[in-house]
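The values are calculated or read from the model by the stated rules, or taken from the named source; none is laboratory data. All of these numbers come straight from a predicted model, not from anything done at the bench. Neighbour counts are summed over all protein chains in view; Cβ atoms, including those assigned to glycine, are modelled from backbone coordinates with ideal geometry.
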Amino acid sequence: MANKSTGSVRIREIIRMKENGLSNNQIAKNLGKSRTTSIKYLGAIAASGVCLKELLELKGEDLSELFEVPNALSPVNRAQIRKDLYSFFPYPEKELKRVGVTRHLLWAEYKAKHPEGVMYSQFCEHYNKWNCKSEGYMPTAHKAGEKLFIDYAGKKLHSIDRETGEIKPVEVFVATLGASQYTLKPLFLSRYPIL
């Protein structure tokens, strides 16, 4: 389990080994723990400002309390963070329909309002769960040549008039034949070169 606190017996062993002059790698090997775990506790020992001999004289409970890793998020805090997160989600649902808006921008807005809130990956995961909608699917049959489906292809492109140098927006359409499902080449509604 991540961030699980080491018991007072292990802390006492770390202090004894450090007092005997063992290196961080040797301490980690002897304990069967990772080097980063032993370094974390050695850093906490050094930050306490108490000499090693005095630490060894402390009772077990006092020693473990001194180096216990606090759990910052209680179940109440987690529930409040989740409540704030889910109450924020209707806003991204609306904003994501706008051009140029990304989930990362919306997460940054959320983080500005709720600094203790979730990080980006959790934001996306919870948003996907919240936004999970059962969209129906109904297959349709099309007769060949009967229908042509046309739609805009996103943002407008721009073209330059070679004579005047004027930049003009250009609509791009995409068309699909219903029966064949072939996409036709985009249609540019301009006689000027595209940028």
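Taken over the stretch 16-46, the residue count meeting the criterion of being among the hydroxyl-bearing types (Ser, Thr, Tyr) and farther than 23 Å from residue 58 by Cα is 3. Hey, could you check the stretch 111-156 for residues that are at pLDDT 80 or above and among the polar types (S, T, N, Q) and say which is surrounded by the most Cβ atoms within 10 Å (Cβ to Cβ)? That would be 122. Evaluated against (1) modelled with pLDDT of 75 or more; (2) over 16 Å from residue 13 (Cα atoms), residue 71 falls short on exactly one condition, (1).
Within the stretch 157-183, the set of residues being among the charged types (D, E, K, R) and in contact (Cβ under 8 Å) with a residue 24 or more places away in the chain comprises 161, 162, 168.
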